[in-house]
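The values are calculated or read from the model by the stated rules, or taken from the named source; none is laboratory data. Keep in mind it's a predicted model, so treat the numbers as computed, not measured. Methodologically, a virtual Cβ is constructed for each residue, glycine included, from the backbone with ideal geometry; neighbour enumeration extends over all protein chains shown. The protein model used for the area step is the full one, side chains on, heavy atoms only, and it has no ligands, DNA or RNA in it. Shrake-Rupley method; radii C 1.70, N 1.55, O 1.52, S 1.80 Å.
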Amino acid sequence: MTSLFSLFGKPWIWSWLAAFVVWFLTIMVTFGASTLGLSQAAFTFAAFSVIVGIGQMFVITLGPGNIDLSVPATMTLAGTVALKLMNVENGMILSGLLVAIVIGLVIGLGNYVLIKALRIPPIIATLSVSFIVQSAAIWTNRGLRIKPPSMLAEFTTSTTLGVPNVAIVALVISLIAWFLLEKTVYGRWISAIGQSMPAARMAGIPVDGTRFVTYLFCAVLASIAGYLLACFSGGAALNMGSEYLLTSIAVVVIGGTAVAGGDSNVPGIWGASLFMFLVVSMLNTYGLGAGIRLIMTGLIIISVIMLAGGRRVGMR
Amino acid sequence: MDDVLKAMIAVEDAKVSFGAVRALDGVTLRVMPGECVGLVGHNGAGKSTIVSVIDGGLTPHEGSVASDGERLERYGINAARGRGVRCVFQELSLCPNLSIVENTRIMHRHLGGFGWRRRAAKIIERSLDAVFPGHGIDSGRVVGDLSIAERQMVEISMAFSDAGIAPRLVILDEPTSSLDASLARQMLDHVRRFVAAGGSVILISHILHEILETADRIIVMKDGRVVAERPAQQFDHHGLVKAMGTVAKEETGDRPPRAQSEAALVLSHQTAGRPFTARKGEIIGLAGLAGHGQTELLLALHAAQSGNWLPERDPLVTFVAGDRRLNGVFELWSILRNFSIASLGDLSRRGVIVPDEEQTKGNDWKRRIEIRTPDMANPILSLSGGNQQKVLFARALATHAPVVLMDDPMRGVDVGTKQEVYAIIREEASRGRTFIWYSTEMDEVRLCDRVYVFREGRITAELAGDAVSEANIIAASFEGVAA
Amino acid sequence: DTSGKKIALSNNYAGNSWRQAMLTSWSKVTGEAVKSGVVAAADPFTTAENQATEQAAQIQNMILQGYDAIVLNAASPTALNGAVKEACDAGITVVSFDGIVTEPCAWRIAVKFKEMGRSEVEYLSKKLPEGGNLLEIRGLAGVFVDDEISAGIHEGVKQFPQFKIVGSVHGDWAQDVAQKAVAGILPSLPEIVGVVTQGGDGYGAAQAIAATDRKMPIIIMGNREDELKWWKEQKDAKGYETMSVSIAPGVSTLAFWVAQQILDGKEVKKDLVVPFLRIDQDNLETNLANTQAGGVANVEYTQADAIKVIESAK
Amino acid sequence: MTFRFSADAMRLAIPALSLTLLLASVFWLQPRAMSYVGLNLLFNLAVPIALATIAQMLVMAVNDLDLSMGTFVSFVACVSATFLRDAPVIGILILSGAVAAYAALGVVIHLRNLPSIVVTLGMSFVWGGLAVLLLPAPGGQAPDWVRWLMTVKPPLAPMAIVASIVIAAVAHLLVMRSSLGVLIRGIGGNQRSVERAGWSIVAARAAAYGLAGLFAVLAGIALVGLTTSADANIALRYTLLSIAGVILGGGEFIGGRVSPIGAVIGALTLTLAGSFLSFLRISPDWQIGAQGAILIIVLALRLMLNRLEKREKRR
Ligand SMILES: Nc1ncnc2c1ncn2[C@@H]1O[C@H](COP(=O)(O)OP(=O)(O)OP(=O)(O)O)[C@@H](O)[C@H]1O
Ligand SMILES: Nc1ncnc2c1ncn2[C@@H]1O[C@H](COP(=O)(O)OP(=O)(O)OP(=O)(O)O)[C@@H](O)[C@H]1O
Ligand SMILES: [Mg+2]
Ligand SMILES: [Mg+2]
């Protein structure tokens, strides 16, 4: 009984609860016939939001004002360049992944250089970078859709023991993220910085180094997500990442991570990602239009922040 | 009873607590028209708190406020201002982004309407001219552009300004901390004029001669209570200090005379005044009036010795914060995590924290420094302030940094704990650790082997061995201040 | 004689393969026209973001730059009317295509999007006379083209009542978004026999359906190379049949020639119609062979083609 | 008394200088722009942006940030192109309701101590959804009086310039000269001391948000007047444009340091930067990236000038 009660104290429980309710409402339309299909689809597509969401979560954990708006452009550029480089050859799969990661590193570096050297607020710095990255993506191959190598396409679209492979990848990344956050010194550091930057400095934490690594990490995760998504959907498109700008932020917030920083949690990202996918599916299933869907999304975000937040001095 | 009827303001038996801290423990205080009351007491005695009660910003949990013989039930900021209560707060309370005229507008709620700028300018200029003749401050200037002294002048003039409701009681909480002697003189003269014209003033200051020569009556506070109240003529400097309880306290911990000069130099720093050096095993005090550059030196020492980009395996310095909220505790975390954050390097293998070692070390220090909690996994905010401070001590002492910087770390720490911590500090020092200790408490300063005295951001004196005494420190603190 | 005239292309979006193909066609055809001295300049401009306000500013800049004609693919059929009117008032010829504008002073090279939607259902009615359930994939909410095609599809369903639309999702004309949306609604749908689309989303739908154990319905394609390639594979493997329809990106070159003709003093009707480019089972291979890898099936127009279109409209 | 630059004057001088520079290079690239019609064409789309920037500035004055500005202006544009024309009374009611909703947001954010960024992020979905419901496809038409207002040809200076000056003047009076403006900026500067002077912070914050809503409504109406009709996505860019405009105009994210005249100049600068880029004829591939580069360059300039200003102060 008490363990059940303490479960409700966890910030991530709300997103899982919401995802479950929506899932249930959706499968009831077919009286449960769609259970497996819907669940598989949900885990497949949630996987991409989870990967970018985790990166964004690390950045948001750094405290007020920290956010990365270059995620969509990073996804697009990484996907485009990697697929162009691999050029449908299975032998190039690893090189493609490496190139995607290098692109992530370069963009992360660019972001932090602007933030630190020019003292631009992260919101504007990462936005400016994203414009440049988007142009680079157009310039590299003018939007031609190159197919992924067959093995990679096969891998990203199939399942293992009924679990989508991309969901497994996302799960592995989540476990790594969870390990980093909960078990390592680095995780303690970002949480400390998010709670109070001066206190973190005084506690001897290398604040700039930690923030820098975090922005790198976010960009690399975005580029890996772009790489996988491009392979999954049969080619990179120039508008591929645009969806993930708001999604990456929304899953973090709905997942119960404190927007004021310092407190993050990985399970919530999964709950929120599943929820974001399922809510669209539910509204589509019930035949509701885009307008209602948007309004509900907005109201849900506000309700979650009202339920979960409001205790700490927020980011202004 | 007669007094109560006549009193401009009368606080009866006010009690205020902040969580576990008893800031006011039954304070009774009256201010008559045409009287300047001096209020003195050690840091944290509750002076600013009683000010907040009088100016309506804080409702006492027990007790009452009366004015002109009438008991005020719904007393708040607006009621107080309506009765002519004005306040100059200890910390800057102007809006730095606004001009002086605009700040005047904010302070006087009823100044609105067409042409308020002209009126506000006239009001504040008249008041500035009256308090600080020949001030040379243009009322159109933005407060952020003013020097600290100019800001304080504006604030003081603001309190004495009259925009419809004439000021009747002006509370000055350490108003002269940033003013030089002649400006302070001008202000004190104005206080006398104001009182002579029938106004009331509460004057709070740590500069005792100001109180002695300006106040009609002096109230001494200690630990949230009034411990003495007499006409000013009946006090002299020594009597006042004695009443504050500073000297009366028995000698805490005799400092064994130690020869230090041959110990290895661990730290040196070039400052605006004398050079700063620290040797192995020394306890070095930073003294002087609050806010005269001691914290800045500690921050500079810390910044110079710690990297911002790469983690350091063997940091030279560690820091104990005095301002817990700002740069001490991590509010979302447990006690254990708050404790271990600075020594994670020792508690981890290849970046991975070893939970058992963390737990063991945490429990070890919990016992050693007696952190009063059933479980180190409890949130840090469940601890009382004093216990939180102990955690910060443990955090610093648990590292193997050879130099510990302490920024007035005993705020809110009770006497018993202090003695425990003093013992630990002495023990660690004898093992070769260096402590650099800023303190506002004379007792603590006297524990030090060597003391640097600060004034206006520079080191003005260095005292060592037997020269470390209250008299010498006070003398050095006020060096250059004309009385 | 138009050898001294300058023409500008105002484009509101460059973020997909269709638009990129459109820009490429433009550069190719107008490059030659400039070289051979037919016109003095033909500069393409793209806004940073797909926003009517930005495009309006862009058109205003073109007025200042002294172009004689503006060829326009509009972000909104109505929101640019103010800027277009100003251009007309400045004596500039405005020719809109694909995303056309309603301002009467401009020329319109329209695609009958409604008819395109209707024809999809008509095609299905021939392949599946007994009808069945359809899934509709729409474009971007709040955009003109999306509304038009969708209206046409619904008209078609009214005309062929044996069909029923059992689900409708927004695919934003992007493979990955369509794939996601279809995968989400699919489990709750009954058997579907056809998927009606708007272009750019057919392959995504095919991927989403292939991931389940459903029978592959007839998915109307949108002329993207990856769609055609997938279709070809399916056709070779199990005789899969469908059709593909979309507007050819090269229509920008038709608009260019029309503008040139107008500048040349030709009498041209304000409303011209270009046929959409339709690919069927029998001409799939030829079209696929002519389509750039990763691109869109395309037709580029010549001056003669434009004259023909103008004549036939008279 | 010696004349010396106040921080406020410096804050204004920098943006004004960059606008002048930019305008000079635009005139040099395109001499045709140097005329009545030319100026109007260069600047008329800056009018709604300037209004939205003022709205954002009011929110930033109380240390908050509004991420829903773009969708809100789009929503207003949709209302203006439909209800405000066909049923003015209902239209006005809806728009007043929207302003009231903004004020309510200010109250909620203050009372529950919520992060404004997240609340307004949520609201951006809500406004966007309402706009799509109102206008599923682009359309509607601007009310005639709005259209007239935005195409009027005053003597001497074109509408765009006159409107910019009027907006700057009104906003300056409101924010810099009026008591309410002082109060709002005071909250950004030192909320505690404003509270201690006996003001109601909640009411002031509600007023700031309400005024922001009002300016955003005006932005939407002005926009429809220029474009003649609306769609649900018409002004999405205004969120970031308005933030950038405030920053370019010398405003700061926190501390209540804002400048309405600067904000209008910032909006004009941003609009002009777009024209400048298009006159430069950058390759289409890099047209988007150039926008990012310009943002970075301008902000870097600002940093440099800030350093200069600090050095000035230290002297
Ligand atoms: N807002 C607060 N929350 C918690 N504790 C507080 C708060 N304000 C004051 N205290 C505590 O109340 C006690 C009295 O504080 P007060 O500010 O009145 O002291 P003071 O006599 O003015 O000291 P000083 O001379 O340093 O100004 C102190 O222990 C202080 O830590
Ligand atoms: N909010 C709380 N939640 C849980 N436990 C609390 C909370 N506040 C206080 N406690 C516990 O109650 C006990 C008494 O607290 P109190 O603040 O009175 O300490 P104290 O004995 O006065 O110590 P100190 O010398 O540090 O003031 C402590 O063990 C503390 O951990
Ligand atoms: Mg206690
Ligand atoms: Mg005090």
Residues of segment D:182-238 satisfying the condition of being under 18 Å from D:L111 (Cβ atoms) and not in a helix (DSSP H, G or I): D:W199, D:S200
Residue selected from segment B:305-320 under the condition open to solvent by 20 Å² or more (accessible area, probe 1.4 Å) and among the hydrophobic types (A, V, I, L, M, F, W, C), by the criterion farthest from the other protein chains (Cβ to nearest Cβ): B:L316
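Table: residues versus (1) modelled with pLDDT under 80; (2) surrounded by fewer than 21 Cβ atoms within 10 Å (Cβ to Cβ).
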{"position": "B:E296", "(1), (2)": "no, yes"}
{"position": "B:A300", "(1), (2)": "no, yes"}
{"position": "B:A303", "(1), (2)": "no, yes"}
{"position": "B:G322", "(1), (2)": "yes, no"}
{"position": "B:L326", "(1), (2)": "yes, yes"}
{"position": "B:E331", "(1), (2)": "no, yes"}
{"position": "B:S334", "(1), (2)": "no, yes"}
{"position": "B:I341", "(1), (2)": "no, no"}
{"position": "B:D346", "(1), (2)": "no, yes"}
Tally time: how many residues in segment A:262-307 are touching a residue at least 24 places away in the same chain (Cβ under 8 Å) and at the interface with chain D (Cβ under 10 Å from one of its Cβ atoms)? 5
Confirm whether B:A429 is assigned to a strand (DSSP E or B) and either crowded, with 16+ Cβ neighbours inside 10 Å or away from ligand 3 (no atom under 16 Å from the Cβ) (or both). no
For segment C:264-314, enumerate the residues that are over 19 Å from the mean Cα position of the chain (by Cα), part of a loop (DSSP other than H, G, I, E, B) and among the acidic types (D, E). C:D264, C:E267, C:D282
Report, by residue number, each residue of segment A:134-153 that is more than 8 Å from every other protein chain (Cβ to nearest Cβ) and within 24 Å of the chain's Cα centre (by Cα). A:A137, A:P148, A:L152, A:A153
Where in segment C:53-156 are there strands (runs of 3 or more DSSP E), lying wholly inside it, with at least 3 residues that are modelled with pLDDT of 90 or more and under 17 Å from C:L272 (Cβ atoms)? C:69-73, C:93-97
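Residue by residue, here is whether (1) away from ligand 1 (no atom under 12 Å from the Cβ); (2) under 30 Å from B:A149 (Cβ atoms) holds:
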{"site": "B:G69", "(1), (2)": "yes, no"}
{"site": "B:N78", "(1), (2)": "yes, no"}
{"site": "B:F89", "(1), (2)": "no, yes"}
{"site": "B:N103", "(1), (2)": "yes, yes"}
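Out of segment B:34-58, which residues are open to solvent by 40 Å² or more (accessible area, probe 1.4 Å), more than 16 Å from ligand 2 (Cβ to nearest atom) and away from chain D (no Cβ under 14 Å)?
B:H42, B:N43, listed by residue number.
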Within segment B:141-163, can one find any residue that is at pLDDT below 85, open to solvent by 40 Å² or more (accessible area, probe 1.4 Å), within 14 Å of chain D (Cβ to nearest Cβ) and not in a helix (DSSP H, G or I)? yes
Enumeration of residues in segment B:59-78 that are open to solvent by 30 Å² or more (accessible area, probe 1.4 Å), touching a helix residue (DSSP H, G or I) at 6+ places or on another chain (Cβ under 7 Å) and not in a loop (DSSP other than H, G, I, E, B): B:I77
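Sort out for me the helices (runs of 4 or more DSSP H) sitting completely within segment B:323-373 that have 1 or more residues that are facing chain A (nearest Cβ under 9 Å) and over 28 Å from B:Y438 (Cα atoms). Spell out how you get there, then give the answer.
Numbers: elements: B:324-327, B:335-340, B:355-369.
In segment B:323-373, B:355-369 are the helices (runs of 4 or more DSSP H) which contain 1 or more residues that are facing chain A (nearest Cβ under 9 Å) and over 28 Å from B:Y438 (Cα atoms).
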Residue set C:I59, C:I109, C:I100; condition β-branched (V, I, T), under 27 Å from A:R142 (Cα atoms) and open to solvent by 20 Å² or more (accessible area, probe 1.4 Å); output residue C:I100
Any idea which of A:A78, A:A47 is touching a strand residue (DSSP E or B) at 6+ places or on another chain (Cβ under 8 Å), within 22 Å of A:L180 (Cβ to Cβ) and not hydroxyl-bearing (S, T, Y)? A:A47
Segment B:381-391, residues that are away from ligand 1 (no atom under 15 Å from the Cβ) and out of contact with any Phe, Trp or Tyr (no Cβ under 6 Å at 6 or more places or on another chain): B:S382, B:K390
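Do we have any residue at all in segment B:58-67 that's of a type outside the set (S, T, Y), within 12 Å of ligand 4 (Cβ to nearest atom) and at pLDDT 85 or above?
No, every residue in segment B:58-67 fails to be of a type outside the set (S, T, Y), within 12 Å of ligand 4 (Cβ to nearest atom) and at pLDDT 85 or above.
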Segment A:226-252 residues that are under 30 Å from A:I302 (Cα atoms) and within 13 Å of chain C (Cβ to nearest Cβ), paired with ones that are open to solvent by 20 Å² or more (accessible area, probe 1.4 Å) and of a type in the set (D, E, K, R) (beta carbon under 9 Å, 6 or more apart): A:N239/C:D172; A:S242/C:D172; A:E243/C:D172; A:E243/C:K180
Check on B:L392, within 16 Å of ligand 2 (Cβ to nearest atom), within 12 Å of chain A (Cβ to nearest Cβ) and in contact with a Gly (Cβ under 7 Å, 6 or more places away or on another chain): yes
Are any residues in segment B:180-205 part of a loop (DSSP other than H, G, I, E, B) and surrounded by fewer than 19 Cβ atoms within 10 Å (Cβ to Cβ), and if so, which ones? B:D180, B:A197, B:G198
Just one of A:T126, A:T156, A:T184 is buried (at least 20 other Cβ atoms within 10 Å of the Cβ) and over 30 Å from D:I243 (Cβ atoms); which is it? A:T156
